[in-house]
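One structure below.
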Ligand SMILES: Nc1ncnc2c1ncn2[C@@H]1O[C@H](COP(=O)(O)OP(=O)(O)OP(=O)(O)O)[C@@H](O)[C@H]1O
């Protein structure tokens, strides 16, 4: 029986990406601010927002990849960053950006395109219920003899998703993982995920820009803009308020946000200010490159259990910051 305690509690979350010394650059504005959300066992929450709104950041914080104060984010009553047993046990599972590029296999990062069979990869994941494994192989229609360096992107993704879902998680965080899947594979996967919530009481947060086949999937919707929670509602409430389809509803929210943003930019410009708000990083200021000749070389490196890629090649104007939890 699933416990009646909430599975996810976010309480006035505030987060700023760390600078080179592991601390937020002084004077920087938090990326995520005053963000609260509670979800229970069985909830399927769609996380939506425009590019750069903060969805991935929120999922990574929930997945224990960024450090925040322990009381701000509780997953299954624990702090994911401080309590590594949450992810090690498989109770908390995060499938997102880095996972799409490399995959965690038996505790190691191995390239997704190596000359190895799907069978070897899938059966290499230990501590798995064999019935669940067979079910996932069928749902994702995987041919176990596929060699990973000779399959299509979508086929490779199916193997990867299968591996990611093998353990019976209690909380699953999905950062758009279905981009390469064909319509059938995506529909089957969504059906499977829904059943996981209904029958096992799993909680899923799914960040996506693709609304095909999602009309009746979520139990909750969360809309985030500029790191702030705009809407958090059960799906039936959303349907009461908006008579539009899910995609059109989200489109109307984003259009309104963009129009307001454009108006703000026009006003800034009219007042002689730079059109785009300047962002403070380290002791340097970045923003509209036309207004700032400064190159950004900070990569959010923080000591301890955080690492990051280091850019700073001569021709790079902007680095793609990446702070990862090992
Ligand atoms: N490592 C980092 N260091 C500093 N800023 C970052 C870092 N990663 C992301 N950001 C900034 O945080 C903001 C939110 O990024 P995030 O990836 O969470 O957005 P998103 O909603 O997932 O966007 P998308 O829909 O494009 O995936 C962006 O403005 C981005 O520039």
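Full-extension gain between residue 167 and residue 71, please, as 0.36 nm times their residue separation minus the C-alpha to C-alpha distance.
Computed gain between residue 167 and residue 71 is 31.9 nm.
Taking the Cβ of each residue in 153, 43 as the centre, tally the other Cβ atoms inside 10 Å and list the residues starting with the fewest.
So the ranking, lowest neighbour count to highest, is 153, 43.
What does the C-alpha gyration tensor say about the overall shape of the stretch 109-216? Classify as rounded when a/c is under 1.5, otherwise prolate if a/b is larger than b/c, or oblate.
Cα axes put the stretch 109-216 in the oblate bin.
Using 7 Å Cα-to-Cβ label points, what is the residue 184/residue 20 separation (nm, one decimal)?
The modelled label-to-label distance comes out at 5.4 nm.
Using a Förster distance of 35 Å, how high is the FRET efficiency between residue 143 and residue 195, based on the Cβ-Cβ distance and rounded to 0.05?
Between residue 143 and residue 195 the formula returns 0.90.
Along the three principal axes, how long is the stretch 8-258 when you take its alpha carbons, biggest first, rounded to the nearest angstrom?
Largest to smallest, the principal-axis extents are 52, 48, 31 Å.
When only C-alpha pairs under 8 Å and at least 6 residues apart count, what is the relative contact order of the stretch 8-258, in percent?
It comes to 26 percent, rounded to a whole number.
Could the peptides 20-26, 197-203 be put in order, highest first, of the mean number of other beta-carbon atoms found within 10 Å of their residues?
Packing order, densest peptide first, comes out as 197-203, 20-26.
Take 171, 134 and order them by how many other Cβ atoms sit within 10 Å, fewest up front.
Ordered by Cβ neighbours within 10 Å, fewest first: 134, 171.
Determine, for 13, 76, the number of other Cβ atoms within 10 Å of each Cβ, and report the residues in order from fewest to most.
Details: 13 23, 76 20.
The order, fewest Cβ neighbours first, is 76, 13.
Every number here is computed from the coordinates shown, using simple stated rules; none is lab data. Just so it is clear, the structure is predicted and the values come from calculations on it, not from any experiment. Methodologically, a virtual Cβ is constructed for each residue, glycine included, from the backbone with ideal geometry; neighbour enumeration extends over all protein chains shown.
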